[in-house]
Amino acid sequence: MATALDLTGKTALVTGSTGGIGFAIAQGLAAAGARVLLNGRTGERVDGAVARLQAEVGGADVTGVVADLTDATAVERMVAEHPDVDVLVNNLGVFGAAEPLAIDDDEWRRYFDTNVLTAVRLIRAYLPRMQDAGWGRVISIASDSAVVIPAEMIHYGMSKTALLAVSRGFAKAAAGSGVTVNAVIAGPTHTEGVEDFVYQLVPRDLPWDEAQRAFMREHRPHSLLQRLIEPAEIAAMVTYLASPLASATTGGALRVDGGYVDAILP
């Protein structure tokens, strides 16, 4: 039985990983010894994230992959260039508030294409290789909004609910192969730009720790953590799921939501 989060010799692809939760996941996997494929849409952002990761994780083996994964042709090129992936982390996603009745068909499609279909496309490309090897990990980053649909982000919630279904379904497709497929339900998280958002709702003279707690009490009262989750805390769950330690965990929707979802099970 493995006793460490050791991913030496494994290659991990983390989509949408130039910042925020995706970068933290890439950092966690690199620290565990994985070779990391760090993905973004522009060379400038990818190069900057690669340099930062190498600076923060000594000896990290990181390769930048510039690709817009909403483009099927770009995905085909990426898979051809990087055919061997042991750990696939579907982190890429878009979100934003919108008046429900004002969301048009194109916007519904954009959310589905970005948050769901990119994951399906990559699982379809890499799962057979993992099955042939008898080992692999597929992890998709969902959200508390998949379970508690926000009135101001119905299209986002829909896409994350669909991602849970995709994950569970492909776990069944991978049954008995040595490949595990799971989703992580992330709660309210401290990512780029969120501090400005918080300070739009609480007094600006509050120190950050007090401000985020006031925000959670007043605007996210269901949270049991009563503070924003740090990206590294979500990355810790992903790194565990990617490791040999999680060999018996598959088909799951594991919560790193600070108790935000008021349920025993998702």
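Note on the chain: dipole from Cβ charges, positive end direction compared against L101, A263, A242; the farthest Cα belongs to A242.
What region 98-172 shows is 44 Å² of accessible area per residue, with the surface traced by a 1.4 Å probe over protein heavy atoms. Peptides 27-34, 221-228 ranked from most to least packed, by the mean per-residue count of other Cβ atoms within 10 Å: 27-34, 221-228.
Each Lys and Arg adds +1 at its Cβ and each Asp and Glu adds -1 at its Cβ; summed about the Cα centre, the chain shows a dipole of about 820 debye. Counting only heavy atoms of the protein chains and using a 1.4 Å probe, F197 has close to 90 Å² of accessible surface. Legend: residues I264, I234, sorted from most to least accessible area (1.4 Å probe; ligands, DNA and RNA excluded), read I264, I234. At 0.692 mPa s and 37 °C, plugging the Kirkwood radius over alpha-carbon pairs of region 90-170 into Stokes-Einstein gives what diffusion coefficient in µm²/s? Calculated translational D: 246 µm²/s. What percent of all Cα-Cα pairs in region 1-118 falls in each 5 Å bin, counting up from 0? The distribution over region 1-118 is 2, 11, 20, 21, 17, 12, 8, 5, 3, 1, 0, given as percents.
By how many degrees, 0 to 90 and rounded to 10, does the Cα axis of helix 154-173 deviate from the longest principal axis of the chain? That helix lies at roughly 30 degrees to the long axis.
In this simple spin-label approximation, A151 and V120 carry label points 7 Å from Cα along the Cα→Cβ vector, and these lie 3.1 nm apart. Taking Cα atoms only, the orientation of helix 118-133 departs from the longest principal axis of the chain by about 30 degrees. Converting the Cα gyration tensor eigenvalues of region 134-198 into ellipsoid dimensions via √(5λ) gives semi-axes, longest first, of 28, 14, 6 Å. Measuring between their Cα centroids, region 1-79 and region 228-256 lie 17 Å from each other. Taking only the Cα atoms of region 191-266, the ratio Rg/Rh comes out at 1.08, with Rh defined as the Kirkwood radius. Ordering A67, I149, V179 by the projection of their Cα atoms onto the charge dipole of the chain, which places +1 on the Cβ of Lys and Arg and -1 on the Cβ of Asp and Glu, puts V179 at the extreme positive end. What the pair-distance distribution of the chain shows, using all Cα-Cα distances binned every 5 Å from zero, is 1, 6, 13, 17, 19, 18, 13, 8, 4, 1, 0, 0 percent. If you sort F95, F170 by accessible surface, 1.4 Å probe, largest first, the order is F95, F170. In the chain, the longest principal axis of the Cα atoms and the axis of helix 43-56 are about 90 degrees apart. With the convex hull constructed from alpha-carbon coordinates only, region 61-112 shows a mean projected area of 5.1 nm² over all directions.
For L122, L101, the ranking by accessible surface with the largest value first comes to L101, L122, using a 1.4 Å probe.
The values are calculated or read from the model by the stated rules, or taken from the named source; none is laboratory data. Here the structure is a predicted model, which is why all the values come from computation and not from measurement. Virtual Cβ from ideal backbone geometry, glycine too; neighbours counted across all protein chains shown. Surface accessibility is based on the protein's heavy atoms, side chains included, excluding ligands, DNA and RNA. Shrake-Rupley method; radii C 1.70, N 1.55, O 1.52, S 1.80 Å.
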